[in-house]
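Below: the structure, in structure tokens.
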Amino acid sequence: MLRNIPINIDVIHVEQPWLWPLAVKIKGLRAYTSVLLVYGSQNIEEPLKRGIFDNYNVDDAEDFLNEVNNLERRAAREADLTIAVTQEEADVLTSWA
């Protein structure tokens, strides 16, 4: 994967939290320590996933939902810049960071 990343990048933008750990790992590499990390999701993921699971009667999803919540909170806290689409989302993300 590293062979596909240009040496000179300024920003890594992660649109959803799933690849946040990879972005942090890349920033930890000597060549990328000055890279800015941006987290910008189009929604708060845990309630969205919870609604989907409820619609499909998925049981025993609490551990997964907790992981989603923790990952998104981590991204909001660790990002150099966090972007929200709505004021409601901005309020939630701000409360986490």
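Counting only protein heavy atoms and a 1.4 Å probe, the chain has 68 square angstrom of accessible area per residue. FRET efficiency for the Asn55 to Glu88 pair, using the beta carbon distance and R₀ = 22 Å, is estimated at 0.55. Taking every C-alpha pair closer than 8 Å and separated by at least 6 residues, the mean separation divided by the residue count of the stretch 1-82 gives a relative contact order of 34 percent. Just name one of His13, Gln87, Leu29: the one whose Cα is farthest towards the positive end of the charge dipole of the chain (beta-carbon charges, Lys/Arg +1, Asp/Glu -1). Of the candidates, Leu29 comes out farthest on the positive side.
Over the stretch 1-66, with every protein chain in place, what whole percent of the accessible area is carbon and sulfur at 1.4 Å, could you tell me? Ligands and nucleic acids excluded, carbon and sulfur reach 53 percent. All other residues whose Cβ lies under 13 angstrom from that of Ala76 are scored, Lys and Arg at +1 and Asp and Glu at -1, for a net of -4.
Alpha-carbon geometry of the chain: the Rg and the Dmax are 15.1, 47 Å, given in that order. To the nearest 10 degrees, how steep is helix 62-78 against the longest Cα principal axis of the chain, on a 0 to 90 scale? Taking Cα atoms only, the helix is inclined about 40 degrees. Taking the C-alpha atoms only, the angle from helix 45-55 to the longest principal axis of the chain is near 30 degrees. Net charge in the neighbourhood of Leu65 (other residues with Cβ under 10 Å of its Cβ; Lys, Arg +1, Asp, Glu -1) is -3.
The values are calculated or read from the model by the stated rules, or taken from the named source; none is laboratory data. This is a predicted model, so every value here is computed, not measured. Quick reminder, even Gly has a Cβ in these numbers, built from the backbone with ideal geometry, and neighbours come from all protein chains shown. Ligands, DNA and RNA are excluded from the accessible area calculation, which covers all protein heavy atoms including side chains. Shrake-Rupley method; radii C 1.70, N 1.55, O 1.52, S 1.80 Å.
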